[in-house]
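The values are calculated or read from the model by the stated rules, or taken from the named source; none is laboratory data. This one's a predicted model, so the numbers in the text were calculated from it and none came from an experiment. For neighbour counting, all protein chains shown are included, and Cβ atoms are generated from backbone atoms with ideal geometry for every residue, glycine included. Please note that ligands, DNA and RNA were not included when accessible areas were found on the heavy atoms of the full protein model with its side chains. Shrake-Rupley method; radii C 1.70, N 1.55, O 1.52, S 1.80 Å.
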2 protein chains.
Amino acid sequence: MMDIAALKRDLDGLKIDDHPAIVQQKSRDFYWYSPVLKQQLDHVTGDLIVTPKNEDEVIRVLAACHRHGVPVTPRGSGTGNYGQAMPLSGGVVLNLAEMNTVKTIAPGRVVTGPGAVLADIDKATRAHSGQELRMSPSTYNTASIGGFVAGGSGGVGSIRWGGLRDLGNVIRLRTVTMEAEPRVMELTGEDVLKVMHAYGTNGIITEVEMPLTASYDWIDVIIGFDDFMDAASFGNDLAIQDGILAKLITPIAAPVPYDYFKRHQKFFRREQSIVVCMIAPHAMDAFVAFVRSSKGEIVFRADQEADLKGLPPAYELTWNHTTLRAIRVDPTITYLQARYPSPDHLAHVKAMVDRFGDEVPAHLEFIRFDGAIGAAGLPLVRFTTAERLDEIIRIHEDNGCWIFNPHRYTLEEGGMKRTDDVQLAFKRETDPQGLLNPGKMIAWENPDYDYRSGKSFLFKGLQKAG
Amino acid sequence: MMDIAALKRDLDGLKIDDHPAIVQQKSRDFYWYSPVLKQQLDHVTGDLIVTPKNEDEVIRVLAACHRHGVPVTPRGSGTGNYGQAMPLSGGVVLNLAEMNTVKTIAPGRVVTGPGAVLADIDKATRAHSGQELRMSPSTYNTASIGGFVAGGSGGVGSIRWGGLRDLGNVIRLRTVTMEAEPRVMELTGEDVLKVMHAYGTNGIITEVEMPLTASYDWIDVIIGFDDFMDAASFGNDLAIQDGILAKLITPIAAPVPYDYFKRHQKFFRREQSIVVCMIAPHAMDAFVAFVRSSKGEIVFRADQEADLKGLPPAYELTWNHTTLRAIRVDPTITYLQARYPSPDHLAHVKAMVDRFGDEVPAHLEFIRFDGAIGAAGLPLVRFTTAERLDEIIRIHEDNGCWIFNPHRYTLEEGGMKRTDDVQLAFKRETDPQGLLNPGKMIAWENPDYDYRSGKSFLFKGLQKAG
């Protein structure tokens, strides 16, 4: 058994919280988008929230937890969707939110603490030199950069820069190991991949260096279409326009916009599918000319709207905010994460649209992938049973679509369904006792696990409910 | 006959030069890269150089020339390669070099006169707000923006932004018509295509608004390879890295670098093919990691070279500066302009390399084309006869490569070998007498011309030699 009382004595002087309501709140993320994870993880809670102010305090926490055999699960802002920051075996939730300093800004670079919120970083870099982060999730206003790097994959901006995993999209990560005497490591080049999207299972990120790009006063524009596939084609055609600078291109099928985007509802007809865009001001002439030659019509244009009060920014209609807005109106809704393989990605999309209709309302995100335009999807799912959800996934996969299952809490099941040898090897080096975020890396917990079993991985260390 | 004396009286007060040596000098560009054009155009000269200081003076010149029936051929810095700025029927050469003001700079935009030199524009925009033009030819240090828009197609930077013709890469053009009372027109959106790459045949550009991007202290890096196809593959693999910010990726086959890049020669072995790159400083860690996983080795890296004195910038080894450096050493050399159709562009390249060997040393430029990475080529040609040159072109075309023939002075023969209906219609509207840069638009001179004749178009108005 964990001796939490002894651990607390060892952490004397640090910011600690063990009030059950606070601990439970800080032990959760947005796992409840998934009815499957909601059932599996709803009872999960840590024993203690520790909030370090700097790297020295992180080292102290890790050394103490190592000594006492207490698991440590790092947490940024808790905006993840797969229980990334949830302590499956209890123990310490390491809340990095207060390590949020923006340390240095230079042409093309920013260095921050892991807890810095993305929007706050951009505020600083814009004021400093008209720069901003290359990409961010739709939780931009609350998500931390460390959480994004450790638990995210891309987002708004990926239409130009690809995903976080693409070499160059994270410049440097500073991490601390989980050992008797924790070591500090500096990772650059391809070495950053060792800890990226590893959910903190093989090191605690204490400093992040990210590339910046030119910031603009991006203009939110929404284009309406009578037919979803016309919207999808428009999005693709726009995405391959090399001269029209766009930060976001998101087709969403009717009736999602009208039914769920309540504050924008007045701009849509219910049968209208839309494409949500963020366009650079100096690209607007070209963009408008481009729309004129399409089947769409501009239904919303933020720079020509008299009253923007109460309207969320366009990116908060996209990526997983699409799902969030739908769930708020209809709590039975959930979603999938898909990739429609290029170059015939639109044909894959059409096949799924034709197959599922309104049971799986389409939602695409155009992204750059290996130098070309690709389509990711976060289709909504009108959930009935876990069995039907699995069937919908299987039908996607049988049709050549890739599913990154957001109804699983492990790295592998939510990802490529295979061991990441680099991350596993790094965990052996940095967390020999397996105390960092236990239960998230199948390759560590059960090296012989068969990903083709068709079942969910069950982590033996998962807290028992009730 | 043209009454040049009467024209001169009408232009009293304007800056005029009719000294034969000056007129001849200002009637030329870099047409002599082509032995074919050298023979055809060597004798071509205007009657008068007129150098307006502003748009009012341009209007005065055009009205007077219209009255006297005198052709007008606009000229920027004369860095074109196909006689774009050469007055085939004599008349006025309109030298726009002094209309070179950088007027306004804003986020993502710059407005200038047509004669502004690209490097001067960047100097101003960098100092103002850390911005630079999206793309430029290798003649960056001397070429004018008006000449680039009217006679160029892309260049350094096209790896990220595509070509000049891509919607959004030119924001606005202000032009003056060739009529009794010249009109001023403002072209935006897709309308800019009416006068772009039209060699000034359908309007005189008096103001240019271009998009800007973030400027960086780009680092020149050269990677050496034992085999050219390894260099080409590396270039392609680098080009599809969405997170590694590169401005230039140029594979060049041995022995071109060693034999012709004299000032860099010490960095190469003669049998080494190279890839010339410009990399953003904040991408260097990722770039070096990427090179490490390739078959190449870094043979030159400007940020780690003790003595850069006398070395030209890397972009002056690329695009048509590759050709220039070869011609300086071996005046019998000339070149082609090719596109190797995607997605099997490297297979097309290999087919031509295997076929021609050292008769046509390979030189690729990776560019973005309709949202994907494509390969353009400016292979050198060890010239023997015009017939063999035509045969080399035919073999390229028979193998599915597209040739934009740089040995022709017409828009169509150097381009897509078909009428550009938009530009032709615009010429009817803006130059009803056909006085702007005569002989360059076949569709105007001979609407029935057969592009499949296999012959060169012969402009009847071309000055007779001697």
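Observations on the model:
- HN-Hα J in Hz across segment A:12-18 - Karplus 6.51, -1.76, 1.60, θ = phi - 60°, x for Gly and Pro: 3, x, 8, 7, 10, 9, 10
- Computed from Cα atoms alone, the Kirkwood hydrodynamic radius reported for segment B:330-447 is 15.9 Å.
- Sorting the segments B:241-247, A:237-243 by their mean number of nearby beta carbons within 10 angstrom, highest to lowest, gives B:241-247, A:237-243.
- Look at the stretch B:366-374: the mean tally of other chain Cβ atoms within 10 Å of its residues' Cβ atoms is 4.
- Legend: residues in segment B:195-225 shielded by at least 20 square angstrom of accessible surface upon adding the remaining protein chains to the isolated chain (1.4 Å probe, heavy atoms) are B:Ala214, B:Tyr216.
- Burial here means at least 40 square angstrom less accessible surface with every protein chain in place than with the chain by itself, probed at 1.4 Å; in segment A:165-183 the buried residues are A:Leu167.
- If you wrap the tightest convex hull around every Cα atom of the protein assembly as shown and split its volume per residue, you get 176 Å³.
- The dipole here belongs to segment B:4-95: it is taken about the Cα centre, uses +1 on the Cβ of Lys and Arg and -1 on the Cβ of Asp and Glu, and is about 80 debye.
- With 20 Å bins from 0: P(r) over chain B, alpha-carbon pairs, percent: 25, 57, 18, 0
- Taking each DSSP H run with n ≥ 4 as -39500 (n - 2.57) and averaging over every residue of chain B yields -8000 deg cm²/dmol at 222 nm.
- Sorting the segments A:117-127, B:16-26 by their mean number of nearby beta carbons within 10 angstrom, highest to lowest, gives A:117-127, B:16-26.
- Residues whose placed amide H lies under 5 Å from that of B:Ser273, excluding near-sequence neighbours: B:Phe225, B:Asp227, B:Ala254
- All other residues whose Cβ lies under 15 angstrom from that of A:Tyr315 are scored, Lys and Arg at +1 and Asp and Glu at -1, for a net of -1.
- Convex hull volume of the Cα atoms of segment A:77-179, normalised per residue: 114 Å³.
- Accessible surface calculations at 1.4 Å, restricted to protein heavy atoms, place the protein assembly as shown at 37 Å² per residue.
- Which of A:Ser129, A:Phe225, A:Val92, positive extreme of dipole for chain A (C-beta unit charges): A:Val92
- Remark: segment B:226-291 is approximated by an ellipsoid whose semi-axes, taken from the C-alpha gyration tensor as √(5λ), come to 23, 13, 9 Å, largest first.
- Pairs spanning more than 22 Å between alpha-carbon atoms, out of A:Lys417/A:Lys440; B:Lys295/B:Lys350; A:Lys295/A:Lys350; B:Lys15/B:Lys427; A:Lys26/A:Lys464; A:Lys247/B:Lys247: B:Lys15/B:Lys427.
- Quotient of the Cα radius of gyration of segment A:44-85 and 2.2 N^0.38 Å, N being its number of residues: 1.25.
- Simple Cβ-charge dipole of segment A:251-339, Lys/Arg +1 and Asp/Glu -1, about Cα centre, in debye nearest 20: 180 debye
- Prolate/oblate/rounded label for segment B:219-403 (Cα gyration tensor, a/c 1.5): oblate
- In segment B:242-262, the residues whose accessible area drops by at least 20 square angstrom when the other protein chains are added to the isolated chain are B:Asp242, B:Gly243, B:Leu245; the probe is 1.4 Å and only protein heavy atoms count.
- Pairs of alpha carbons in segment A:4-95 separated by more than 24 Å make up 18% of all such pairs.
- Taken across both chains, chains B and A shield about 2900 Å² of accessible surface from a 1.4 Å probe.
- Carbon/sulfur fraction of accessible area - the protein assembly as shown, other protein chains in place, 1.4 Å, %: 50 percent
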